[in-house]
Amino acid sequence: MTSSDALHSSAALVLQTSRLIRIVRRHSHHIPAASVRLLSLVDQSGSATVKDLAIADQCSQPTMTGLVNGAAERGWLRRDPNPADARSSLVSLTEDGRAELHAARAHNAELIRERAALANLSDAELALAASVIERITQVDRKS
């Protein structure tokens with residue numbers, strides 16, 4: 001494979017994964033994609049400040065505050081005092097939030113499994129696709 005071929009394949013991977021995300025969002029679980037993204041960020045971090053979540057999600061702090069407030073009102077997140085900074089709190093998942101995130105992920109997984117079956121992909125091909133994307137996303141790119 002030439003460098004040009006690899007670049008073309010890389011561009012195709014970005015394009016197709018973006019399309020896949022749009023498909024999942026169009027058929028999303030009963031909660032907005034932004035809420036699923038927030039619950040995933042909190043799940044990944046364990047607990048975080050609103051500022052850290054805004055940075056991770058590349059949105060403004062007021063936008064993230066609104067998302068956190070909405071999720072907390074639904075009982076999906078809780079706020080605890082931040083021992084490192086009394087002016088902020090640490091946001092973490094509640095059991096209801098964890099259950100909601102699990103349900104959304106299960107729904108999305110079923111959607112992809114169904115589409116993979118319609119595309120005549122074997123279980124091994126689906127596993128390979130997931131493995132490739134996981135390996136790419138796990139690379140820690142240091143500048």
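Quick notes on this one:
- Scanning segment 13-34 for residues being in a helix (DSSP H, G or I) and either farther than 23 Å from ILE133 by Cα or open to solvent by 40 Å² or more (accessible area, probe 1.4 Å) (or both) gives a total of 12.
- Lone qualifier among SER9, SER47, SER28, SER35 - being among the hydroxyl-bearing types (Ser, Thr, Tyr) and farther than 26 Å from GLU95 by Cβ: SER9
- Residues in segment 85-110 that are farther than 16 Å from VAL42 by Cβ and touching a Ser or Thr at 6+ places or on another chain (Cβ under 9 Å): ASP85, HIS107, ASN108.
- So SER88, is it closer than 27 Å to ALA130 by Cα and among the hydroxyl-bearing types (Ser, Thr, Tyr): no
- In the set ASP5, ASP43, only one residue is of a type in the set (D, E, K, R) and modelled with pLDDT of 95 or more; that residue is ASP43.
- Single residue of segment 84-118 satisfying the filter (farther than 20 Å from ALA33 by Cα and in a loop (DSSP other than H, G, I, E, B)) that is most open to solvent (accessible area, probe 1.4 Å): ARG87
- Taking the criterion of being under 18 Å from the mean Cα position of the chain (by Cα) and either loosely packed, with under 14 Cβ neighbours inside 10 Å or closer than 15 Å to SER47 by Cα (or both), the residues of segment 68-83 that qualify are VAL68, ALA71, TRP76, LEU77.
- Selection status of LEU121, without any contact (Cβ under 8 Å) to a residue 60 or more places away in the chain and more than 22 Å from ALA34 (Cβ to Cβ): yes
- Which numbered condition ILE133 misses (of (1) within 18 Å of the chain's Cα centre (by Cα); (2) loosely packed, with under 12 Cβ neighbours inside 10 Å; (3) not charged (D, E, K, R)): (2)
- Some residue of segment 50-65 being surrounded by fewer than 18 Cβ atoms within 10 Å (Cβ to Cβ), farther than 25 Å from ILE112 by Cβ and touching a residue at least 24 places away in the same chain (Cβ under 8 Å): yes
The values are calculated or read from the model by the stated rules, or taken from the named source; none is laboratory data. Predicted model, so just to flag it, every value in this text is computed and none were measured. All Cβ positions, even for glycine, are placed from backbone atoms using ideal geometry, and neighbour counts span all protein chains on display. To get the accessible areas, we keep the full protein, side chains included, count just its heavy atoms, and leave off ligands, DNA and RNA. Shrake-Rupley method; radii C 1.70, N 1.55, O 1.52, S 1.80 Å.
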